[in-house]
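The values are calculated or read from the model by the stated rules, or taken from the named source; none is laboratory data. All of these numbers come straight from a predicted model, not from anything done at the bench. Virtual Cβ from ideal backbone geometry, glycine too; neighbours counted across all protein chains shown.
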């Protein structure tokens, strides 16, 4: 079960040094909740269930982190955005606020220790950290400012703002620089070693590299720098698979996660010498739908690419589906362990 030197190995990777062994992560929260025998809706609002599930998942599957991603709604519900979720369907935003200056001026900065489900996440982080100490990388989550605007106003309105009201976009991102900085720092204070910093709305699937540099880059860097100054690692994930990777290497994050739609070797050729890589086993084509042997072979292949780069953290490229076979998850972690050592 994990190991005492995991944080040292992660920091070596972040510093672009060769670790003793490559840490093994998995974006497995939906899968873990199923295995733990509770519903996701119960899990996402109960700190006891959340912590118990994360602890059991690490002890059962031997992940090197506890990933408390939960869902994308936590800090937006308290701002008045509508959300839906039931049973094992994760909560999602749907009742977006009007993209106007009046909306922005009417927003109240939430208190992470008091408002909505924000304290639930903080309490769960503290419980997981108390259980594992430094033998597991306890990882919380926030949304980067550009993606936060999309979760406030909706994607259609947000993607139009660079053309219709760039000032409103920038001012709303400034609000989220403050909010997400406070929320992430509260998680670090609660015991999180790292923050999963999500920015999928800013990937080149949705905006151009030029728009990324003009709008998303600066606010994301400001929040990331604040987390690092508070002592936290920053795992930046935009599920990027191409054109914006070069810009993302300049953010100064601890590790840059890439989506499953790019060859890991290709991604690492862009990140090499600039930032630690993170990723990117295919969670559906391989983990959910592949055989145990296919999982083993792909894990071996990706570990080979990772070891060429030296500084890399093994992970799935996206969320692992809840119906993934347990045998495949065990095969991934066991094989990654077997082939992750540099000795």
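The single residue among 156, 187, 180 that is assigned to a helix (DSSP H, G or I) and free of Cβ contacts under 8 Å to residues at least 12 places away in the same chain turns out to be 156. Would you be able to say whether some residue in region 319-330 is in contact with a helix residue (DSSP H, G or I) (Cβ under 7 Å, 6 or more places away or on another chain), more than 22 Å from residue 208 (Cα to Cα) and free of Cβ contacts under 8 Å to residues at least 60 places away in the same chain? The answer is yes; a qualifying residue exists.
Residues that are under 14 Å from residue 144 (Cα atoms) number at least 2 in the following helices (runs of 4 or more DSSP H) confined to region 210-281: 217-229.
With respect to residue 41, determine if the residue is touching a strand residue (DSSP E or B) at 6+ places or on another chain (Cβ under 6 Å), in a helix (DSSP H, G or I), surrounded by fewer than 18 Cβ atoms within 10 Å (Cβ to Cβ) and at pLDDT 95 or above.
yes
Would you confirm, using the coordinates I've provided, whether residue 20 is touching a strand residue (DSSP E or B) at 6+ places or on another chain (Cβ under 8 Å), at pLDDT below 95 and under 30 Å from residue 274 (Cβ atoms)? Criteria met by residue 20. When residue 76 is tested against (1) part of a helix (DSSP H, G or I); (2) in contact (Cβ under 8 Å) with a residue 60 or more places away in the chain; (3) farther than 30 Å from residue 165 by Cβ, only condition (3) is not met. So residue 196 fits all but one of (1) outside any loop (DSSP other than H, G, I, E, B); (2) over 16 Å from residue 169 (Cβ atoms); (3) in contact with a helix residue (DSSP H, G or I) (Cβ under 9 Å, 6 or more places away or on another chain); what number is the exception? Against the list (1) outside any loop (DSSP other than H, G, I, E, B); (2) over 16 Å from residue 169 (Cβ atoms); (3) in contact with a helix residue (DSSP H, G or I) (Cβ under 9 Å, 6 or more places away or on another chain), residue 196 comes up short only on (3).
Among the residues of region 284-295, count how many are more than 15 Å from residue 330 (Cβ to Cβ) and either in contact with a strand residue (DSSP E or B) (Cβ under 8 Å, 6 or more places away or on another chain) or not in a helix (DSSP H, G or I) (or both). Adding up the residues that qualify gives 1. Being in a loop (DSSP other than H, G, I, E, B), within 24 Å of residue 30 (Cβ to Cβ) and touching a strand residue (DSSP E or B) at 6+ places or on another chain (Cβ under 7 Å) is a property that does not hold for residue 298. Restricting the first member to region 103-127 and to residues that are over 16 Å from residue 141 (Cβ atoms), and the second to residues that are at pLDDT 95 or above and in a loop (DSSP other than H, G, I, E, B), the beta-carbon pairs closer than 8 Å and six or more apart or on different chains are 103/97; 107/79; 108/79; 115/78.
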